[in-house]
Structures are given as structure tokens and as C-alpha cells.
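J.: Have a look at the structure that comes next, please.
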Amino acid sequence: MSRKRKTYTADFKSKIVLEILEGEKTLNEIASKYELLPKNIQNWKRQFLDNASLAFDKSAVVKEYKEEIEKMRKQNNELAKKVGTLTIEKDWLEGKLKSLDSSLKLTHLVLIFLRLSSNKKEMIDDGVQANNDKINPSLNRQLELLSISKTAYYYKPVVPFSSDKDMKLLNSIDKIYTKHPYYGTRRIVQVLKRLGFNVGRKLVKSAMEFMGIVALYPKPKTTIANKEHKKHPYLLEEFKNDKKQVVIEKPNQVWSADITYIKLEKGFAYLSAIIDWHTKKILSWKLSNTMDVSLTTSVLNEALSLYEKPDIVNTDQGSQYTAKEHIDILVKNDISISMDAKGRSIDNIVIERFWRSLKYEDVYPNSYKNIKEARRGIDEYIKIYNGERLHSALNSHHPHF
């Protein structure tokens with residue numbers, strides 16, 4: 001039997017995306033339910049949102065199809081040229097291989113054609129099969145002709161950090177990080193080992209990257225900035241006092257935005273929020289099963305619809321905040337863009353303190369089972385945080401405008 005690459009219909013992809021957008025289940029839960037890779041689901045969601053406007057603009061769809069047809073026509077012309085070239089090569093090869101039997105000549109010619117394909121694994125037929133009086137080469141020979149190793153052929157992608165054991169590790173790292181945000185991988189590994197985890201720095205580093213967290217201390221610049229994403233300078237230095245503390249004197253002068261990881265019983269979610277630096281009030285927030293630019297832009301647009309626009313919005317250099325969609329909203333509203341220095345999440349300390357309060361006063365004690373439960377609980381906590389909770393930074397008053 002032939003082994004073909006698994007394909008999914010547009011209807012199936014739409015179904016998955018709509019389930020993601022409902023926000024009732026985590027990304028890992030949906031991926032496990034349908035035996036999909038989380039990355040594929042994220043890509044489908046991005047593609048779905050990028051093309052959502054086409055549902056209301058038929059002319060754009062027609063134009064796109066015309067462009068696609070023209071592109072295919074050019075590809076067919078190029079393919080015809082390649083076939084002509086291969087015909088010449090075939091004649092040349094037959095002249096050179098007269099002393100060899102026909103099966104060997106065929107093998108060489110097939111090899112030339114197959115190397116043009118980018119989806120070589122789709123061409124594999126398992127074992128030897130008689131089909132229309134033709135016998136397929138053995139599986140080993142097919143893999144040899146296509147330069148595919150057996151390991152690559154039989155490899156099945158594994159969903160990262162999806163088991164119960166993985167979740168316990170992620171939750172433990174989250175607790176350690178929230179309590180000691182300045183801990184790097186070395187010290188987190190030491191704490192985890194004391195808790196009974198047999199882990200190394202490589203695994204912890206991967207887990208932290210997976211969760212989107214980084215230790216709060218300056219690091220040397222070891223990475224190259226994405227050329228497509230402009231990084232903006234940190235603008236809050238001018239507001240620092242003699243103790244190097246940022247002091248903002250009025251509401252809507254500086255907003256801070258960030259994303260944090262929220263542990264659940266079966267997976268995780270991402271919480272994005274915007275806080276006013278002076279009043280410490282949470283202006284808008286959203287809990288999502290994916291961490292993408294649509295999460296941050298929706299939170300930003302909501303805050304701008306509810307409050308007077310700020311002079312400055314400060315964020316980290318995460319791709320969600322450097323993305324064109326997010327930057328365009330700030331530019332359109334004539335808002336100055338400020339970003340933490342590389343590895344300096346402490347530059348956004350006001351919202352980092354909120355994350356710590358939220359997790360220790362609400363998320364950890366309640367141990368939410370799912371996104372729906374977490375969304376309801378976090379909503380109640382933020383209402384208390386904004387309207388009742390006393391803040392030492394506000395002389396024991398609650399946030400207010």
C-alpha cells in the first residue's frame with residue numbers, strides 16, 4: 001500500500017480554527033484531540049485571520065485566483081523547459097549507458113526526475129507492489145533513490161510539553177520564576193532538583209522558551225534582531241528618580257503591556273494585559289490559547305476604546321509587540337513607542353509586579369482546570385484588584401483615575 005502525506009480539507013481546518021477562537025480549550029488539548037501539531041493549528045489560525053476580509057470582498061478573491069492562474073501558467077512554462085532539458089539529458093544518458101541493462105538506465109532517469117520534487121516522501125510506495133503489470137522497487141531502494149533516511153521516513157512529530165509530567169515541570173518552573181524572576185536556568189535547575197525533578201539546563205531552557213519567559217537581568221547581545229521587526233528605544237529613563245525608580249505623575253502618561261503564562265490543569269493559556277503606570281489600573285486584558293499578534297492588538301484596541309490614549313506605550317521586544325499590526329495601531333494614534341532593553345523585562349516592572357500578585361493571590365491558590373474557569377476567576381480578581389485591593393505603591397489606596 002502507498003504511504004501518502006496526510007492532507008486536511010479547508011472545512012476541517014476551518015473547524016479547528018473556529019474551535020481555537022472559541023477559547024474554551026487549550027492549544028494542546030485541541031492538538032491532542034485531533035492528533036495535530038500545535039504549530040500547524042497556529043499557522044491555520046494565522047492564515048484564517050489574515051484572509052478573513054476576503055469573505056466580504058469577492059473582487060479580491062477573483063483577483064487572487066487570476067494571479068494564481070498566471071503564476072501556475074509561468075510554472076508550467078518553466079516545467080516544459082525542464083522537460084525539454086531532461087529529454088536531451090535522457091538521450092545523452094542512453095548513449096552513455098548502452099553497455100548497461102535497461103533497468104539500470106531507467107533507474108538513473110527516474111532519479112533525475114524525482115530530484116525535481118520537493119515532496120519526496122509522498123512518492124514512496126511501501127514494499128514491492130504489482131500495479132498495472134509494473135513492479136515498484138523495494139522500500140529500501142526507493143528511500144535510497146530519493147536520498148531519504150529510514151529515520152526521517154518513519155519519524156512522527158511529537159507534541160512538545162504535552163504529557164502530565166511535562167505539565168508538572170512547566171508549572172513548577174512558572175512558580176519558581178514568578179517568585180524569583182531573576183533566576184536563570186542554572187538556579188532554576190537547582191531548585192527543580194531539590195523538588196525531585198531530574199532535569200538539565202537544556203530542557204529547562206527549552207521549557208522557558210516554550211512558556212515565553214526570560215530571567216530579569218541584563219545579558220550580552222547574543223542574538224540578531226529580526227530585520228523585518230524594528231526595535232524601538234526605551235523611553236522611560238527620563239522619568240527615573242535618584243533611586244533609579246520610574247515615577248509617572250499622571251494617568252494615561254505611560255501604559256505598559258505584556259503577556260504571561262497561565263497554568264491550567266490540562267495545558268496552559270496566555271494572558272495579555274495593559275496597565276496604567278501611574279494608577280496601577282488594569283485597563284484591558286484577554287486570555288487566549290495562542291500567543292500571537294491578534295492577542296496583543298485586540299487588548300490594545302480595547303484599551304484605546306475605553307480610555308484616553310496615552311503618551312507612551314511600553315512593552316518588551318517580543319514578536320507580538322514588534323509586529324507591524326501592533327506598531328501600526330500605535331503610529332495611527334500618534335503614541336510614542338517604548339521597548340525594554342534586550343533581556344531587561346524589569347524595565348516593565350509595573351506589570352511584572354501585577355503578574356506576581358495575580359499568580360500568588362489567584363492563579364496558584366485556585367488551580368484552574370480550564371480556560372473558561374480561568375477567565376471567570378481572573379475577571380473577578382481584576383475587578384477586585386482595580387476596585388478594592390489596597391496597593392502599597394498608592395499609599396494603601398486602590399487604582400483610580
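J.: Out of the residues in segment 8-36 that are of a type in the set (S, T, N, Q) and either surrounded by fewer than 19 Cβ atoms within 10 Å (Cβ to Cβ) or within 20 Å of Ala52 (Cβ to Cβ) (or both), which is nearest to the chain's Cα centre (by Cα)?
T.: Top of the filtered list is Ser32.
J.: Out of all the residues in segment 367-380, which are surrounded by 14 or more Cβ atoms within 10 Å (Cβ to Cβ) and of a type outside the set (Val, Ile, Thr)?
T.: Tyr368, Asn370, Lys372, Glu373, Ala374, Arg375, Gly377
J.: Which of the following residues is farther than 20 Å from Lys45 by Cα and modelled with pLDDT under 90: Ile329, Ile349, Ile337, Ile378?
T.: Of the residues listed, the single one that is farther than 20 Å from Lys45 by Cα and modelled with pLDDT under 90 is Ile349.
J.: Still on this model: Kindly provide the set of residues from segment 208-241 that are surrounded by 13 or more Cβ atoms within 10 Å (Cβ to Cβ), of a type outside the set (A, V, I, L, M) and modelled with pLDDT under 70, ordered by number.
T.: Across segment 208-241, the qualifying residues are Tyr217, Lys219, His229.
J.: Which residue pairs have Cβ atoms closer than 6 Å, lie 6 or more positions apart in sequence or on different chains, and pair a first residue in segment 255-276 that is under 19 Å from Met208 (Cβ atoms) with a second residue that is of a type in the set (D, E, K, R) and in a strand (DSSP E or B)?
T.: Qualifying pairs under 6 Å: Ser272/Lys286.
A quick yes/no check of all residues on (1) assigned to a helix (DSSP H, G or I); (2) of a type in the set (Ser, Thr, Tyr):
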{"site": "Thr296", "(1), (2)": "yes, yes"}
{"site": "Val299", "(1), (2)": "yes, no"}
{"site": "Ser305", "(1), (2)": "yes, yes"}
{"site": "Lys309", "(1), (2)": "no, no"}
{"site": "Asn314", "(1), (2)": "no, no"}
{"site": "Gln317", "(1), (2)": "no, no"}
{"site": "Tyr321", "(1), (2)": "yes, yes"}
{"site": "His326", "(1), (2)": "yes, no"}
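The values are calculated or read from the model by the stated rules, or taken from the named source; none is laboratory data. Please read these numbers as outputs of a predicted model, since none were measured by experiment. Positions of Cβ are backbone-derived with ideal geometry, glycine not excepted, and every protein chain shown enters the neighbour counts.
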